[in-house]
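Single-structure report; data block below.
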Amino acid sequence: MDFSFIVIQTLNGLATASFLFIAACGLSIVFGVTRIVNFAHGSFYMLGAYFAVTYTPMLLGVMPGFFGFWFGVLTAALSVGLLAILMEVFLLRRIYRAPELFQLLATFGVVLVVQDLVVWLWGPEDILGPRAPGLSSFVTILGQRFPTYELAMIVAGPLVLAAIWLLFHKTRFGVLVRAATADREIAGTLGVNQTALFTAVLFLSGCLAGLAGALQMPREPANPFMDINMIAEAFVVTVIGGMGSVPGAFLAAVLIGLLQAFGIVIFPKITLVLVFLVMAVVLIMRPYGLLGRPETVGAAPANEAVPMPPFDAPARLFTVVIIGFLVLLPFFADDFTLKLMIEVMVFGLFALSLNLLLGIGGVVSFGHAAYFGLGAYGAALIARHFNAPMEAGLLLAPVFAGVGAALLGAFLVRLSGVYLAMLTLAFAQILYAVAFQWVEITGGDNGLIGIWPSAWAAERLPYYYLTLTLCTIAVLLLFRLIEAPFGYALRAGRDAPARADAIGIHVARHRWLAFTLAGVAAGLAGGLYVYSKGNIDPVSLSIPISVDALTMALLGGIHTFFGPLVGAAGLHLLKDFIMPLSDHWRFFLGALIIALVLLFPEGIAGFFRRHASWRKAGEARA
Amino acid sequence: MAGRRHAKKHPLLTASGLNAWYGAAQILFDLGFTVFEGEVVALMGRNGAGKSTTVKSLMGLVRHSGEIRFDERRLLNMKPHAIARLGLGYVPEERRVFKGLSVVENLEVGRLPPREGTAAWTPERLFDLFPNLAEARHRQASDTSGGEQQMLAIARTLMGNPKLLLLDEPSEGLAPVIVERMAKTLKTLKAEGLTILMCEQNIHFARPLADRALVLESGVVRYDGSFEALEADDILRRGSLAL
Ligand SMILES: Nc1ncnc2c1ncn2[C@@H]1O[C@H](COP(=O)(O)OP(=O)(O)OP(=O)(O)O)[C@@H](O)[C@H]1O
Ligand SMILES: [Mg+2]
């Protein structure tokens with residue numbers, strides 16, 4: 001590595017850092033003020049890019065040159081800001097008091113809707129935008145060519161940082177934003193209208209994300225995958241910097257930018273892993289990121305203890321009826337239905353394992369796909385590289401996942417809230433990156449194929465019964481666990497951690513154990529999944545799979561036994577129902593998620609349970 | 001009844017049948033009391049009696065039911081910021097100044113439009129009232145002393161030109177000299193005609209300032225009247241105030 005090379009890579013890293021910062025800082029600001037983790041921030045970014053490649057050529061037609069280009073960029077950014085206002089007014093405003101996971105899910109619904117709208121409006125092909133007039137050539141630095149546009153971008157990041165700094169320190173709006181970030185409740189008691197402030201903040205963050213997308217125009221064509229690619233990195237930057245801290249986001253962006261620029265040279269195979277690895281290390285050393293602060297007391301609403309309905313006679317009867325139904329199903333169902341039910345059972349177990357953390361432990365696992373994928377890849381890898389039979393695969397899948405969960409869990413129990421959620425996400429993304437980049441072992445993007453069950457289970461029917469048996473055993477064991485003192489200890493830790501610790505419950509140890517067990521159960525689901533499909537690819541470790549699990553658990557109702565199972569069945573049947581009907585299943589699924597969150601903030605099963613108890617109360621009165 | 005003395009005065013705040021909850025736990029039970037214009041009332045009671053919860057309910061910060069009238073308006077179901085804009089100023093327990101903001105920025109957050117008929121508070125006027133803050137004006141709130149933070153918390157709320165100040169334990173955790181200075185300042189505010197409802201455990205701090213005592217015990221009003229009668233009632237004093 002000679003000196004000029006180091007200089008050029010540093011410049012590349014700084015340019016990347018600028019983009020990352022502009023893209024991510026809005027996410028951080030919104031989180032700071034509203035405490036919402038806004039998945040749709042990636043959609044804002046993508047829309048910025050699409051608006052820019054649409055407006056700019058038009059504007060360049062009217063006023064060629066400098067002004068046309070930058071006017072296009074500005075218009076794109078402002079348009080996205082306006083859309084962000086719409087989202088705040090019609091969606092976020094209605095769910096500020098909902099549990100944070102519901103908010104997250106709702107914003108993910110927006111992601112799905114926007115993905116389809118973009119393809120519908122602009123088509124699936126990449127759209128290349130015009131280059132920036134005056135910035136489309138190269139400069140020569142130490143004998144190496146470097147694009148002038150990149151050089152301009154290196155300046156753009158600090159400029160945006162300075163603009164935000166001025167806004168936050170020299171205007172009343174900015175002072176209010178900082179005050180609300182520090183202590184929303186007190187800002188409210190001083191007469192600060194949160195609704196107006198939130199709307200304004202969403203506008204600001206929409207503009208920034210849109211700007212980042214628009215600035216991307218000369219570097220990368222607008223494409224429908226920009227949103228997810230960006231949001232993962234934006235999360236990393238936000239979390240490393242400390243959620244809510246703009247200077248922190250800048251620092252983190254520089255760190256990540258340089259890491260990527262040099263990582264690609266030094267460790268070309270593990271660039272993706274590197275980024276998430278750094279995030280994990282930072283979080284373990286500084287649980288609130290580089291410049292973040294712990295939440296102020298009183299900022300978060302106190303947990304309200306939510307009782308779990310007892311696993312009483314009606315619940316047991318319901319269980320028996322369901323199992324009976326599933327046992328008898330093959331006698332009158334066709335092959336397709338059995339295939340579908342295998343998936344429902346597998347994902348039901350997966351969702352239930354997540355709910356051991358979510359509903360019972362009060363721990364938000366955001367990357368639950370990690371354990372599903374560990375189980376699936378574990379089984380597939382020993383089948384591929386050691387010719388292990390299915391029986392060994394199904395036995396070892398939960399072990400692999402459990403060990404992974406136990407290792408991560410040891411670090412996790414020190415974190416809280418959204419940082420914990422982000423570390424689980426980081427872990428899943430690291431595994432995803434490994435599966436994606438370690439082609440020789442994992443098959444990379446194509447994954448591993450030809451992972452079939454042993455001869456006796458090769459037909460659909462025996463495999464169905466195998467799945468039913470294993471899932472039933474696992475589910476019943478989980479229920480037993482939840483009803484046992486272990487479950488009560490977990491719930492005590494969820495509702496009143498300090499008090500639970502005081503009466504001698506080792507909250508951290510119980511959580512760690514819950515993590516491990518949830519990993520084991522998810523791993524079994526992953527193992528069953530891979531043998532039912534015959535193949536596995538990195539998608540099984542990706543964000544959408546984690547979100548699927550969250551959707552099932554949340555929509556089913558996390559404070560019920562059967563909720564996650566109901567949610568799994570509901571979501572799968574719906575997907576199978578919508579997908580064949582329309583190319584725009586994402587749109588409908590997203591709209592459905594949004595509608596469900598707005599209508600049933602306590603989940604479907606929770607909703608029916610409450611209705612049932614109302615009815616009972618009514619009858620008692622009558 | 002000492003309240004009689006104010007009977008011809010205008011009632012600024014009236015609570016009746018006030019209940020409040022944290023989650024499923026009910027904390028306040030059927031509270032009823034009135035604060036008259038220009039009056040300073042001390043809300044007293046042991047730790048956990050419900051003093052803070054009472055002022056938080058008035059501010060719309062905890063779930064509650066019952067009737068709260070402020071200046072002829074009903075406050076039920078109003079958001080805290082709207083209540084603040086009507087003229088109820090709240091100074092929280094433990095100060096809760098915005099640590100990352102400077103002293104003047106903290107004041108700016110509290111600024112609300114002036115109220116008709118009274119001189120609006122400005123940072124300059126507040127610096128006259130709290131000379132310590134004047135010196136610290138450009139410092140971060142986190143770099144100020146506990147006493148300065150308490151003064152800042154009060155000054156910040158005054159920037160909203162409240163008609164009624166809800167003070168939660170203003171003397172708590174302060175050095176004796178600072179407590180004295182605080183008492184003086186509050187006297188000045190009272191002399192200017194500001195109405196104050198003040199949670200206070202320290203009867204020696206409350207007594208010279210307040211016109212009337214309101215004693216809570218386990219979420220119900222145990223006593224409402226003059227300090228003379230309260231001090232004469234030894235049993236009540238020992239039981240509810242633990243002096
Ligand atoms: N956020 C909360 N969640 C649940 N219970 C609470 C909460 N805050 C207070 N409580 C309970 O409500 C009751 C009344 O508390 P409150 O803070 O109003 O008392 P207080 O009279 O102000 O006491 P102190 O002198 O300690 O400030 C106490 O039993 C307390 O434990
Ligand atoms: Mg109190």
How big is segment A:452-519 in terms of Cα radius of gyration and Dmax, in angstroms? 17.8, 55
Among all stretches of chain B without exposed GluC sites (Glu not before Pro) (DSSP loop, at most 13 other Cβ atoms within 10 Å), which one is longest? B:117-191
By DSSP, what percent of the beta bridges with both residues in the protein assembly as shown are antiparallel, rounded to the nearest 5? 65
Which residue fluctuates most in the GNM of chain B (Cα springs below 10 Å): B:LYS79, B:LYS163, B:LYS187? B:LYS79
Given N residues in segment A:487-546, what is its alpha carbon radius of gyration divided by 2.2 N^0.38 Å? 1.59
In 10 Å bins starting at zero, report the fraction of Cα pairs in segment A:342-543 per bin as a rounded %. 10, 37, 32, 16, 5, 0
Residues of segment A:342-543: accessible area per residue at 1.4 Å, in Å²? 37
For chain B, just run the numbers: alpha carbon Rg, then divide by 2.2 N^0.38 Å, N being how many residues it has. 0.97
Can you give the calculated 222 nm mean residue ellipticity of chain A, where each DSSP H run of n ≥ 4 adds -39,500 (n - 2.57) and the sum is split over every residue, rounded to the nearest 500 deg cm²/dmol? -24500 deg cm²/dmol
With a 1.4 Å probe on protein heavy atoms only, tell me which residues of segment B:70-110 lose at least 40 Å² of accessible surface in the complex relative to the chain by itself. B:HIS81, B:ARG96, B:PHE98, B:LEU101, B:GLU105, B:GLU108, B:VAL109
P(r) of chain A over all Cα-Cα pairs, 20 Å bins starting at 0, rounded to whole percent, reads 19, 52, 26, 3, 0
With a 1.4 Å probe on protein heavy atoms only, work out how much accessible surface B and A bury together, total over both chains, in Å² to the nearest 100. 1900
Karplus ³J(HN,Hα) for segment B:95-106 (6.51 cos²θ - 1.76 cosθ + 1.60, θ = phi - 60°; Hz, whole; x = Gly/Pro) runs 6, 6, 6, 7, 5, x, 9, 6, 4, 5, 5, 4
Any chance you could get the radius of gyration and Dmax over the Cα atoms of segment A:435-562, in Å? 18.4, 55
Quickly estimate the mean residue ellipticity at 222 nm for chain B, helices only: each DSSP H run with n ≥ 4 gives -39500 (n - 2.57), and the total goes over all residues, rounded to 500. -8500 deg cm²/dmol
Rounded to a whole number, what % of the accessible area of the protein assembly as shown do carbon and sulfur atoms account for, probe 1.4 Å? 65
Taking the Cα atoms of segment A:410-485, report the difference between the largest and smallest coordinate on each principal axis, in whole Å and largest first. 45, 45, 16
Report for chain B the percent antiparallel among DSSP-assigned beta bridges with both residues inside it, nearest 5. 60
Quick one: accessible surface of B:THR185, probe radius 1.4 Å, all protein chains present, in square angstrom to the nearest 10. 10
For A:TYR529, the accessible surface traced by a 1.4 Å probe with all protein chains present amounts, in square angstrom to the nearest 10, to 50
Computed Rg/Rh of segment A:325-450, alpha carbon atoms with Kirkwood Rh: 1.03
Using every alpha carbon pair in segment A:14-224, what percent of pairs falls into each 5 Å bin from 0 up to the bin containing the largest distance? 1, 7, 14, 18, 18, 15, 12, 8, 4, 2, 1, 0, 0
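The values are calculated or read from the model by the stated rules, or taken from the named source; none is laboratory data. What you are looking at is a predicted structure, and each value in this text was computed from that prediction instead of being measured. Here the Cβ is made from the backbone with ideal geometry for all residues, glycine too, and neighbour counts use every protein chain on show. We work out accessible area using only protein heavy atoms, side chains counted, and drop any ligands, DNA or RNA first. Shrake-Rupley method; radii C 1.70, N 1.55, O 1.52, S 1.80 Å.
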